[in-house]
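Nothing in this text is a laboratory measurement; each read-out follows from the coordinates by a stated rule. From a predicted model like this one, the values you see are computed outputs, not experimental measurements. Glycine gets a Cβ as well: all are built from the backbone with ideal geometry, and neighbour counts include every protein chain shown.
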Amino acid sequence: MQHLYSIDGQAAEAWLSRTERGYRLLCDGARLDVALDLASNALASLTIDDATIPLALAAQGDRVWIHLDGAAHEIVLEDPIFHHAAEDGGSTDDIIRAPMPGAVIAVHVQPGSVVKAGDALLIIESMKLETVLKSPRDGIVEMVGFDVGRSFDRDAVLVTLADEA
Amino acid sequence: MSILFESVLVANRGEIAARVLRTVQDMGMRGLVVHHAADRDTPAVRMADLAIEITGSTPVAAYLDGAQIIAKAKAAGVSAIHPGYGFLSENAAFAQAVAAAGMTFVGPGPDIIKLMGDKVRARAFVAVHGFPVAPSAIEDDNPATFVERARSVGAPLLIKPSAGGGGKGMRIVRDMAVLEEEIERARSEGLRYFGDGRLYVERYIEQPRHIEVQILGDSHGNVVHVHERECSIQRRFQKIIEESPAPGLTPEERARICEIASGIARAANYCNAGTVEFIYGGGEFFFLETNTRLQVEHPVTEEVVGIDLVAEQLRIAAGLPISRTQAEITSTGHAIELRLYAEDAARDFAPTTGPVLVFRPPVGVRVDAGVVEGGAVSSAFDPMIAKVIVHGKDRAEALDRADAALANFVLLGCRTNAAYLRRLLADADVQRGDFHTGTIAEKPELQAEPPLDCITKARLLAAASLVLRPVRDAADAVPALHAMIGDWRN
């Protein structure tokens with residue numbers, strides 16, 4: 001089946017399937033025979049068709065970090081349901097997520113508040129950096145996820161806006 | 001060599017705590033460190049002979065709690081406290097309290113910390129002794145005539161809060177018509193950030209370079225300089241690449257700035273390690289400030305002169321003279337330090353966090369690190385993870401080694417600025433040594449992650465697909481023959 005990824009924040013798609021001898025990857029129209037040999041200590045060697053490429057790799061949950069050719073990359077397996085909802089438009093505008101980990105230092109709205117696009121919803125702080133999170137559209141605040149002083153991780157849902165009737 | 005102190009406690013964390021402990025232990029002394037629970041899995045806590053837990057309302061508050069640290073140090077029978085940089089390192093009351101508790105503070109005395117910590121007083125001190133400061137007007141000298149005196153300094157000028165620091169409340173005025181309005185805005189920012197609305201203005205140097213000189217003074221009246229460092233590559237007033245010698249200066253200018261720094265240190269009867277910072281522009285130097293502590297970028301100096309600055313600090317604190325005379329301190333080759341930060345350059349250097357799943361520093365390169373494999377980068381502290389320090393016979397060789405060291409540094413689990421640093425190092429202006437403190441801001445195109453080429457993208461997707469359980473399971477669920485049919489249909 002087709003899988004959706006983000007590589008360093010850029011969307012990508014690939015399809016992995018079995019062959020008689022191993023695995024095949026379909027991506028960007030290319031059809032590649034692939035194999036991965038995991039050595040110890042995060043070192044691995046990847047074989048694509050006839051080329052063997054050394055790399056370092058670590059996975060946790062749906063995330064894989066790969067050091068390849070002198071650079072580290074973060075590859076995230078995306079949830080297709082969330083991804084399609086975002087593509088259909090609307091729903092990502094309803095959810096304001098944390099752009100970075102940090103703590104809430106001020107909350108300007110509460111459930112039921114009527115906001116206009118660009119209105120400040122809350123102020124967050126992360127490692128001495130203050131950021132004002134603004135409403136992406138006109139609407140009504142449905143939920144505020146964190147009180148002042150609470151800390152959160154990246155992508156935590158900070159505020160949701162009610163569906164537009 | 002006889003032992004300087006029975007034991008030394010490091011009142012700090014991260015890479016600098018490990019750096020100081022290394023020298024303390026190499027010199028045969030017991031090395032202790034304080035730590036907040038959030039720092040349990042860090043190099044300093046692992047290498048210390050004893051790690052003492054401290055508590056606070058936040059992790060940072062614990063490291064700022066001088067009374068608690070002194071009480072615990074005393075209970076552990078510590079003979080000296082090294083403050084590192086940041087936290088309590090430039091806190092005169094802390095230095096005084098350490099001495100009052102019968103321990104040695106590894107740094108200058110409280111009087112020097114106080115003098116240099118007050119920017120306006122430090123500036124006046126330097127000017128009175130005949131050293132160069134930028135033309136200025138200080139409000140406190142006569143508030144009634146401040147605006148008039150500021151006007152006569154001329155444009156462009158910089159308004160600064162007297163109590164300021166970290167670039168907050170500073171305003172550049174290029175059009176004198178808005179001078180009074182800008183003064184009022186700077187005053188309100190000063191009040192907001194520092195609770196102090198007093199201001200001063202000084203001539204603003206366009207496209208300035210940040211040059212600083214390492215100094216050492218001892219209790220026998222000896223003062224030496226340990227050459228200069230160039231730290232102009234900064235983002236948001238924070239240095240990210242430092243080097244020595246300074247590429248923008250002629251040998252004569254280098255000799256002169258080092259002489260000026262020694263003169264300032266001598267006039268202040270400076271004792272222990274310190275750094276005199278200057279702004280350089282249009283062939284002129286102006287005194288900026290003196291930092292009365294070890295600097296983050298001290299390793300570049302250690303690499304070019306072959307002196308362990310922490311060892312010198314400890315010797316001086318124990319009452320010994322500096323180990324070398326000025327004539328014996330010579331600079332060889334070129335050193336560069338790169339600060340590895342947990343941040344995303346493409347998102348305007350927003351801090352990142354994450355587990356440190358794999359941590360493999362490059363072999364044969366000095367890396368002063370604040371994390372270990374299995375640890376994590378949290379949002380509780382400054383996002384600096386490690387410093388990579390290289391030395392070469394000349395600048396070109398050092399640049400090559402810096403790039404290779406970054407390429408071979410494997411850190412997985414948390415996004416860092418490593419790729420951005422490599423793009424910066426490859427920039428033609430940086431290669432030529434032609435830059436100033438605003439250079440990073442002038443090159444936003446370097447911040448964006450360049451698009452991946454097809455081959456790299458396929459390799460990443462192949463490795464990720466094969467290692468991610470759900471993807472592999474999905475592939476295994478379809479027999480090879482059916483998979484091939486699917487393949488044809490595509």
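Values for this structure:
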quantity: Chain A - mean residue ellipticity at 222 nm from DSSP helices (-39,500 (n - 2.57) per run, n ≥ 4, rounded to 500); calculated: -1500 deg cm²/dmol
quantity: Under-5 Å amide H pairs with A:Leu121, H placed in peptide plane, nonlocal only; calculated: A:Leu133, A:Lys134, A:Ser135
quantity: Relative contact order, percent, the stretch A:92-161 [alpha-carbon distance under 8 Å, six or more residues apart]; calculated: 45 percent
quantity: Trypsin sites (Lys or Arg not before Pro) restricted to the stretch B:388-470 and DSSP loop, no more than 16 other C-beta within 10 Å; calculated: B:Lys393
quantity: Top positive-direction residue, dipole computed over chain B with Cβ charges, set B:Ala428, B:Ile16, B:Thr325; calculated: B:Ile16
quantity: Neighbour-limited loop hits for trypsin sites (Lys or Arg not before Pro), the stretch B:120-198 (at most 11 other Cβ within 10 Å; DSSP other than H, G, I, E, B); calculated: B:Arg174
quantity: Computed magnitude of the charge dipole of chain A (debye, nearest 20; Cβ of K, R +1, Cβ of D, E -1); calculated: 340 debye
quantity: HN-Hα J in Hz across the stretch B:253-262 - Karplus 6.51, -1.76, 1.60, θ = phi - 60°, x for Gly and Pro; calculated: 5, 4, 4, 5, 5, 5, 5, 4, 5, 4
quantity: Value in Å of the Kirkwood radius, where chain B supplies the Cα pairs that are averaged; calculated: 24.5 Å
quantity: For peptides B:133-139, B:55-61, sequence by mean Cβ density within 10 Å, most packed first; calculated: B:133-139, B:55-61
quantity: Between 0 and 90°, nearest 10: helix B:454-467 axis offset from chain B longest Cα axis; calculated: 70 degrees
quantity: Sites excluded, GluC sites (Glu not before Pro) in DSSP loops with at most 12 other C-beta within 10 Å, longest stretch of chain A; calculated: A:21-163
quantity: Amide hydrogen neighbours beyond the local backbone of B:Asp196, cut-off 5 Å, H modeled; calculated: B:Leu191
quantity: Distance between the stretch B:264-327 and the stretch B:372-402 - C-alpha centres, whole angstrom; calculated: 22 Å
quantity: nm² value of the averaged projected area, convex hull over the Cα atoms of the protein assembly as shown; calculated: 33.4 nm²
quantity: Overall dimensions of chain A by Cα: Rg and Dmax, Å; calculated: 20.8, 60
quantity: Counted charge near B:Val371, where neighbours are those whose Cβ lies closer than 9 Å (Asp, Glu -1; Lys, Arg +1); calculated: -3
quantity: Spatially proximal aspartates and glutamates relative to A:Lys116 (Cα-Cα < 19 Å; intrachain offsets below 8 disregarded); calculated: A:Asp93, A:Asp94, A:Asp138, A:Glu142, A:Asp163, A:Glu164
quantity: Average partner coverage of A:66-79, which counts Cβ from other chains inside 10 Å; calculated: 6
quantity: Residue among B:Phe381, B:Ala95, A:Gln110 farthest towards the positive dipole end of the protein assembly as shown, charges placed on Cβ; calculated: B:Ala95
quantity: Spatially near lysine pairs across chain B, Cα under 17 Å, sequence gap of 8 or more or different chains; calculated: 6
quantity: Average beta-carbon neighbours from other chains, 10 Å sphere, peptide A:48-55; calculated: 2
quantity: Cα-based Rg and Dmax for the stretch B:135-203, where Dmax is the largest Cα-Cα distance (Å); calculated: 10.6, 28
quantity: Whole-number percent relative contact order across chain A, with pairs defined as alpha carbons under 8 Å at least 6 apart; calculated: 16 percent
quantity: B:Ala327-B:Leu64 pseudo-label distance in nm [points 7 Å out on the Cα-to-Cβ vector]; calculated: 4.9 nm
quantity: Hz values of 3J(HN,Hα) by residue in the stretch A:157-162 - Karplus curve (6.51, -1.76, 1.60), Gly and Pro given as x; calculated: 7, 8, 9, 10, 9, 5
quantity: Exercise: per-residue mean of other protein chain Cβ atoms within 10 Å, B:399-407; calculated: 1
quantity: Rounded tilt (10° steps) of B:395-407 against the dominant C-alpha axis of chain B; calculated: 40 degrees
quantity: Order of A:His73, A:His3 - criterion: other Cβ atoms within 10 Å of each residue's Cβ, fewest first; calculated: A:His3, A:His73
quantity: Computed helical MRE - 222 nm, chain B, DSSP H runs ≥ 4 contributing -39500 (n - 2.57), nearest 500; calculated: -10500 deg cm²/dmol
quantity: GluC sites (Glu not before Pro) within the stretch B:1-108, DSSP loop, no more than 13 other Cβ atoms inside 10 Å; calculated: B:Glu6
quantity: Sorted by Cβ density within 10 Å, fewest first, the residues B:Ile3, B:Ile385; calculated: B:Ile3, B:Ile385
quantity: Length-normalised contact order of the stretch B:119-171 in % [C-alpha pairs under 8 Å, at least 6 apart]; calculated: 27 percent
quantity: Förster radius 30 Å - calculated FRET efficiency between B:Asp453 and B:Asp41 (Cβ-Cβ, nearest 0.05); calculated: 0.20
quantity: Theoretical gain in end-to-end length, A:Leu43 to A:Gln2 [0.36 nm per residue, Cα-Cα removed]; calculated: 12.1 nm
